[in-house]
1. Leaving out ligands and nucleic acids, and using a 1.4 Å probe, what accessible area per residue does the range 113-252 come to in Å²?
2. What whole number of Å gives the distance from the Cα centroid of the range 128-206 to the Cα centroid of the range 75-105?
3. In whole angstrom, note down how far apart the Cα centers of the range 368-402 and the range 26-58 are.
4. Cβ neighbours within 10 Å, averaged per peptide: list 213-221, 200-208 in order, most packed at the top.
5. Taking N as the number of residues in the chain, what is its Cα Rg relative to 2.2 N^0.38 Å?
6. R0 = 51 Å: FRET efficiency of Ala174 with Asn417, Cβ-based, nearest 0.05?
7. May I ask for the equivalent-ellipsoid semi-axes of the range 11-56, computed as the square root of five times each C-alpha gyration tensor eigenvalue and listed largest first in whole Å?
8. Which of the lysines could be linked to Lys85 by a straight reach, that is with a Cα gap under 27 Å, when you skip same-chain ones fewer than 8 residues away?
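The values are calculated or read from the model by the stated rules, or taken from the named source; none is laboratory data. This one's a predicted model, so the numbers in the text were calculated from it and none came from an experiment. As a convention, Cβ positions derive from the backbone with ideal geometry for all residues, glycine included, and neighbour counts pool all protein chains shown. Quick note on the areas: whole protein, heavy atoms, side chains included, nothing else; ligands and nucleic acids left out. Shrake-Rupley method; radii C 1.70, N 1.55, O 1.52, S 1.80 Å.
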Amino acid sequence: MSDKRRIAVLGSTGSIGTQTLDVVRRHADKLEVVALAAGSRVGDILQQAQEFNVACVALGDAACVSSPEFEALKSTTVQNANKLKAQGTSSAEAFCEVGPEAVVSLVQLPEVEVVVNALVGAAGLRASYEALKAGKVLALANKESLVVGGDLIMPLAKELDKARRSAGIAPLDAPAGSLMPIDSEHGAIYQCLLGENEREVRLLWVTASGGPFRGKTKKDLLHITPAQALKHPTWNMGAKITIDSSTLMNKGLEVIEAHHLFDMPYDRIEVVVQPQSAIHSMVEFSDGSVKAHLGTTDMRIPIQFALSYPERWDAPVEPLDFRTLGSLEFAAPDTDTFRCLALARHAGTVGGTLPCVMNAANEIAVATFLQGANSYLGIAACVEAVMNEHEKAGVQQVESLEQLEVLDAWARAEALNHLTRPE
Ligand code: MG
């Protein structure tokens, strides 16, 4: 086996996935892609498997077996497995499977060391869970894993931290790094906390760009179209997260994510709008000092840090030039107009199964908005209605993946119900 970090990229054809592969191209001496998973883009994953000599691939959508390119993909994995065996770099058999279970099997493969989870939505939770359970380092872009299943994921990450420390493969005087956030805000907070005593942390400041509709009123937002909401001012991302950024639900999900990742109560996590996105987040300490993380808005930097930790590697990105940056603005978020942030904070504070239900309802509300079957302001209304139903029925403590999957399905059905019900 090579001494490179052997990574599996889940969601390899999406925005974070392709940028992860960019990072691998830049650091081919340190990183090696050994497994790829995507939803249904067989042609794209075939190209990736060819370029990176990957012998193990999974497609979440079972219908992919009937795609005309599937046979080519299958034979590519066999050829690559033979090539790797001949080179002596890997003795792994080829793996080319479809369906949600295939993605789980992929992360459990012995040759996988680090799992980059860039799947979209709650579908990523099981992969995160199984990756940590199988002892793999988890580089997490799928924030829903923590929003929905933080109560299950964090104990697994702590256990793996312990195991990696006692095996001598993790730093002893710094975070062990079993769970590395890829989200730029959490990557920033992670770095601000390095070398600090957690008892001296007073507050986490999660920064928000404010999205394309910053400063708008509810009335202005009545007739927003998907095309308008898909134009993010600073970050280049996938459709779901871009809509979530515009409604501030993304920031709400990130507050819950920060709560789990950094074991911080909700009254010590604040959101501040920083429209230039130059400050990626901040940590305030007990003496009033604040550490901020700044950098160019390029997702490849947080992705790379998640893969290089505890080291830092060079990155050929345009550095921030403070002489031309101009002013940095700050403002409180408008949670009256952007209800989703308040809803997410409420869901997080109540905890248990409420964030799971909120997230599932939001996924449906956003998908229907993108299809033109729901209005922009209808997103928050739908999420709130489904959350109310769940609170009436009784929020539960999180006990298992199966319990969360049942509630997730219930919330999706309830959201669709809400959208088709006459007002
Ligand atoms: Mg983010």
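1. Dividing the accessible area of the range 113-252 by its residue count gives 40 Å².
2. A separation of 29 Å, based on Cα centres.
3. Comparing the Cα centres of the range 368-402 and the range 26-58, I get a distance of 35 Å.
4. By packing density, highest mean first, the sequence is 200-208, 213-221.
5. The value comes to 0.97.
6. Efficiency, rounded to the nearest 0.05: 0.60.
7. 17, 12, 8
8. Lys4, Lys30, Lys74, Lys136
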